[in-house]
Amino acid sequence: MITWIKGGEVIDPRKGEKKTLDIVIKKGKIERLLPPGDFRPQGDIDLKIIDASGMIVTPGLVDMHVHFREPGEEYKETIATGSQAAAAGGFTAVACMPNTNPINDSRSVTEFILERARKANLIRVYPVAAISRGSRSESLTEFGDLKQAGAVAVSDDGRPVTSSELMRRAIEYARFFNLPVISHCQDLNLSNKGVIHEGTISTKLGLQGIPAASEEIMVVREILLAKLTGYPVHIAHVSTEGSVKFIKQAKEEGIPVTAETAPHYFSLDHTAVVGFDTNAKMYPPLREPKDVEAIKIGLSQGVIDAIATDHAPHSLIEKDVEFDKAAFGIIGLETALPLTLALVREGVMGLPEAIAKLSYNPASILSIKGGVIEEGKEADLTIIDLNNEYVVKKESFKSKSHNSPFIGWQMKGKAILTMVGGRIVNDKLKISN
Amino acid sequence: MYRFNHKDLLGMDQLSVSDINMILDTADSLMEISSRDIKKVPTLRGKSIVNFFYEPSTRTKASFEMAAKRLSADTLSLSATDSSMVKGETLIDTARNLQAMNPDVIILRHSSSGAPHLLARYVDAGVINAGDGMHEHPTQALLDLFTIRKKKGRIKGLKVVIIGDIAHSRVARSDIIGLKKMGAEVTVSGPPTMIPVDAESLGVKVVFDPEKALNNKDVIMMLRIQLERQSEVLFPSLREYSIFFGLNKEIIKRAKKDVIIMHPGPINRGVEITGDLADGPFSVILDQVSNGVAIRMALLYLLIGGERGDNLD
Ligand SMILES: [Zn+2]
Ligand SMILES: [Zn+2]
């Protein structure tokens, strides 16, 4: 069978180009890319036509930072429901952080995750293994064994690596296996019992604050360790003006560091917590308007390489409680694309740049498939209707959890078709019927 | 015409100047009941009030109970030690259970900021915040405003200093909001570890040194130093705290001659305030306690007594 995606505007994030092209897909791979009108299907082949005129066709989106909760907290999300949420949001690949129960610090957990992903059979799921056993910052996990089992990176996400010595050795050791190292930057002593950003809102609400410095101290440490070891460190969920400044400076000095932010850090500030809304509680916390501005500038200047959701599902048991007792984290897979497109309309980034941060860049940081539309490559594609307008509804989430501060938001732009290896996994065009 | 139109009292920030005046005026007219031989009126007969204290507080709880009894309401008191209501049960479970008893008002004291706001979303009963975490303690602020107005005849234009752990104090937060609304000038003072970040955003002046902060003040509000803050590295010792940040008869000379000293209690004598000042002529600490009952009567009356906003005859 041949699939023919007709007349879409195809984005090549690597070249930063947008061209009207037809895409011909055979056996899960992109067979040909050609100008409209050039493709003439011959004979009586089995042909599926997807009319993408007026639409954008991009490489399948890649989310390098999600929490799928399996194994251990299947009531919040499973690899299957998380994959559905990803597909609905236009993502064809995700990297799962290791803070499950048990923590993914062994081959068996990594293999279990991959097995569940195969059963779910929707998108590509890449396990990220823990840096330290039990993410306790005491001893290293078996990077080599974990990589052979299928882990694509190491991180203790959910917690920082508290020992600078251990982090140094982790980076050095990861180099041998070419494994990316992802850092959750948080000085636990400084963030202490904090639950929101330390500033005017924490002062007004009487909630314990988390100063920006809690993140920035660790960002600076990771930069210095990247410099010391000469091997890259990737900074997860950048949220402050200071972090952007330090990363920019490091890049200018040629220190190998990359960074991601999440849509909530450029869409919301700490005033979202007023009224004690636990769906505005996450780590790092929502910051100040000046930080939101700095994140946008960081994105536009290329200081921040990737947009990742930090999709962190929690049930009502964790969220419908007193603010200081509520769990940190929000879901993001199904709102990331429209929130990013809002930045494009705002003029922060061009569309190819924005798509690069949602596909090509994270795929390159993790050295995984995807992020490009090229002949001979896997047909992982997302078709986006930039003009589709809708209101975010709790009932429409495919994720098992609904902890989103964006419920009720008016959005513009939607992934109307998601294709993984030539197979449609999200079909709002009703092609399959 | 003005009407007191609130279901809950969650914080000072929800009250208008007219609301505050109404509460203070109502408290004024209720003060008289407390001086009668039979200190009881039938105003809230048949109404039921739940005192729900997740955090221990003898004083505030007693004050609310006294207020409810003087108005002839039925009261039920639950505390965190009555653990069947608390252990393993979420606040929302508890709220639903309480709601099933159909009370008119639930008075909540809780260690989490925002807990009364959460409760109020789940019950039909009125909710009074009797102190939530480090957030607000509105009835304390109202009784403080009431005490100041009685002693000084006005609030507007007065210079007030609040000294102590401003950052962790719900009393300070509510007092600041109330005082600012009523037109007072507020200065906060204490070690920098105890002044919240961006304190100026609350509309106050920050003067760390109490001696300087006391200059020309009409009202001094001392806060209780929570002894456990020592382990949180906010200050090295009670001894040093009392030397540099405690109120004593030397530094009080900087304030106005007719200054009044307030304290929400319980006092750590010799820590934030010397015993002679706490018991001396400037102190209105015991007035605060009796005024507290009147303020809480006024609130219960305004929230559930017949038509909201009716004048008391
Ligand atoms: Zn993290
Ligand atoms: Zn995370």
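Overview of results
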read-out: Hits in segment A:281-294 - residues which are part of a helix (DSSP H, G or I) and either within 16 Å of ligand 1 (Cβ to nearest atom) or surrounded by fewer than 24 Cβ atoms within 10 Å (Cβ to Cβ) (or both); value: A:PRO289, A:LYS290, A:VAL292, A:GLU293
read-out: Residue satisfying condition, being within 14 Å of chain B (Cβ to nearest Cβ) and more than 16 Å from ligand 2 (Cβ to nearest atom), within set A:VAL273, A:VAL292; value: A:VAL273
read-out: Within segment A:98-205, helices (runs of 4 or more DSSP H) holding 3 or more residues that are open to solvent by 40 Å² or more (accessible area, probe 1.4 Å) and either over 24 Å from A:MET282 (Cβ atoms) or away from ligand 1 (no atom under 16 Å from the Cβ) (or both); value: A:107-120, A:143-149, A:164-177
read-out: Total residues in segment A:52-92, condition part of a loop (DSSP other than H, G, I, E, B) and either assigned by TED's automatic domain parsing to the domain that holds A:PRO36 or farther than 20 Å from A:ALA129 by Cα (or both); value: 9
read-out: Near pairs, Cβ below 6 angstrom, 6+ apart or cross-chain, from segment A:207-235 (among the aromatic types (Phe, Trp, Tyr)) to any residue that is outside any loop (DSSP other than H, G, I, E, B); value: A:TYR231/A:ILE171; A:TYR231/A:ARG175
read-out: Meets criteria (within 16 Å of ligand 1 (Cβ to nearest atom), farther than 30 Å from B:VAL197 by Cα and not in a strand (DSSP E or B)) for A:MET218; value: no
read-out: When residues of segment A:243-278 are limited to those that are charged (D, E, K, R) and assigned to a loop (DSSP other than H, G, I, E, B), the one nearest to A:HIS65 (Cα to Cα); value: A:ASP269
read-out: Condition check for B:THR75: more than 14 Å from chain A (Cβ to nearest Cβ), in contact (Cβ under 8 Å) with a residue 24 or more places away in the chain and within 30 Å of B:PHE208 (Cβ to Cβ); value: no
read-out: Every residue from segment A:56-69 that is away from ligand 1 (no atom under 16 Å from the Cβ) and buried (at least 23 other Cβ atoms within 10 Å of the Cβ); value: A:VAL57, A:THR58, A:PRO59, A:GLY60, A:LEU61, A:VAL62
read-out: Members of segment B:189-236 that are open to solvent by 20 Å² or more (accessible area, probe 1.4 Å), farther than 19 Å from B:ARG170 by Cβ and at pLDDT below 95; value: B:GLN230, B:SER231, B:VAL233, B:PRO236
read-out: Hits in segment B:138-155 - residues which are within 14 Å of another protein chain (Cβ to nearest Cβ) and open to solvent by 10 Å² or more (accessible area, probe 1.4 Å); value: B:GLN140
read-out: Within segment A:321-433, strands (runs of 3 or more DSSP E) holding 1 or more residues that are buried (at least 22 other Cβ atoms within 10 Å of the Cβ) and small (Gly, Ala, Ser); value: A:410-420
read-out: Which listed residue is aromatic (Phe, Trp, Tyr) and over 17 Å from B:SER174 (Cβ atoms), from B:PHE146, B:PHE64, B:PHE53; value: B:PHE53
read-out: Residue list for segment A:236-249, restricted to those being open to solvent by less than 10 Å² (accessible area, probe 1.4 Å) and within 21 Å of A:GLU198 (Cα to Cα); value: A:ALA236, A:HIS237, A:VAL238, A:SER239, A:THR240, A:SER243
read-out: Matching residues in segment B:187-212 - criterion: being away from every other protein chain (no Cβ under 14 Å) and closer than 28 Å to B:ASN21 by Cα; value: B:THR187, B:SER189, B:LYS205
read-out: Check on B:ARG224, closer than 30 Å to B:ILE106 by Cα, more than 14 Å from chain A (Cβ to nearest Cβ) and of a type outside the set (A, V, I, L, M); value: yes
read-out: Residue within segment B:14-25 that is among the polar types (S, T, N, Q), within 14 Å of another protein chain (Cβ to nearest Cβ) and open to solvent by 50 Å² or more (accessible area, probe 1.4 Å) present; value: yes
read-out: Test for B:SER112: is it in contact (Cβ under 8 Å) with a residue 12 or more places away in the chain, outside any helix (DSSP H, G or I), touching a helix residue (DSSP H, G or I) at 6+ places or on another chain (Cβ under 6 Å) and within 30 Å of B:LYS47 (Cβ to Cβ); value: yes
read-out: Sole residue being within 10 Å of chain A (Cβ to nearest Cβ) and touching a strand residue (DSSP E or B) at 6+ places or on another chain (Cβ under 9 Å), chosen from B:ALA95, B:ALA125, B:ALA130, B:ALA115; value: B:ALA115
read-out: Candidate set from segment A:296-317 (those that are within 16 Å of ligand 1 (Cβ to nearest atom) and outside any loop (DSSP other than H, G, I, E, B)); member that is nearest to A:PRO71 (Cα to Cα); value: A:HIS311
read-out: Of the criteria (1) on the phi > 0 side of the Ramachandran plot; (2) open to solvent by 10 Å² or more (accessible area, probe 1.4 Å); (3) away from every other protein chain (no Cβ under 14 Å), which one A:LEU225 fails; value: (1)
read-out: A:ALA87 being more than 16 Å from ligand 1 (Cβ to nearest atom) and either open to solvent by less than 10 Å² (accessible area, probe 1.4 Å) or more than 14 Å from chain B (Cβ to nearest Cβ) (or both); value: yes
read-out: Checking B:LEU91 against (1) more than 25 Å from B:VAL293 (Cα to Cα); (2) open to solvent by 40 Å² or more (accessible area, probe 1.4 Å), the condition it does not meet; value: (2)
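The values are calculated or read from the model by the stated rules, or taken from the named source; none is laboratory data. Please read all numbers here as calculations on a predicted model, not as lab measurements. Counting neighbours? That spans all protein chains shown, and the Cβs are built from the backbone with ideal geometry, glycine included. All accessible areas refer to the heavy atoms of the entire protein, side chains included, with ligands and DNA or RNA removed. Shrake-Rupley method; radii C 1.70, N 1.55, O 1.52, S 1.80 Å.
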